[in-house]
Amino acid sequence: MRGFYRIVTLCAIGTAVLAAPALAADSTPRVDTRQENQKDRIQQGVGSGELTRHETKNLIEGQRHVNRVEKRVGADGTVTGKEKLRLEKAQDRQSRRIYGLKHNARDRN
């Protein structure tokens, strides 16, 4: 009987360890929503011709940067308030870049 409880305990610990990264990713739903919105804004800018290829390339790299920051802050399984603030600032910066490049005088034409 003792062996059975050990197996159950090990399974529970294994499940908790494997689920921790998934929980970290779920702890930033606002970041994920903003990332989707910003991606849509970039795609809209490409479709309307407001963004040049070079501008689009820079904006996509900025989105990748925010994704890397999100992955780093959630790597330990928890996202602290300070880390959330860092993520929000990175997204705010990216949002301003998107706005600025979509509203400058350069067009794809």
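Overview of results
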item	result
Full-extension gain in nm, ASP32 to LYS57, via 0.36 nm per residue minus C-alpha separation	7.0 nm
When each of LYS82/LYS102; LYS57/LYS84; LYS39/LYS102; LYS57/LYS82 is checked by Cα-Cα distance, pairs over 23 Å	LYS82/LYS102; LYS57/LYS84; LYS57/LYS82
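Values in this text are rule-based calculations from the coordinates and carry no lab data. Note that this is a predicted model, so its numbers are computed, not measured.
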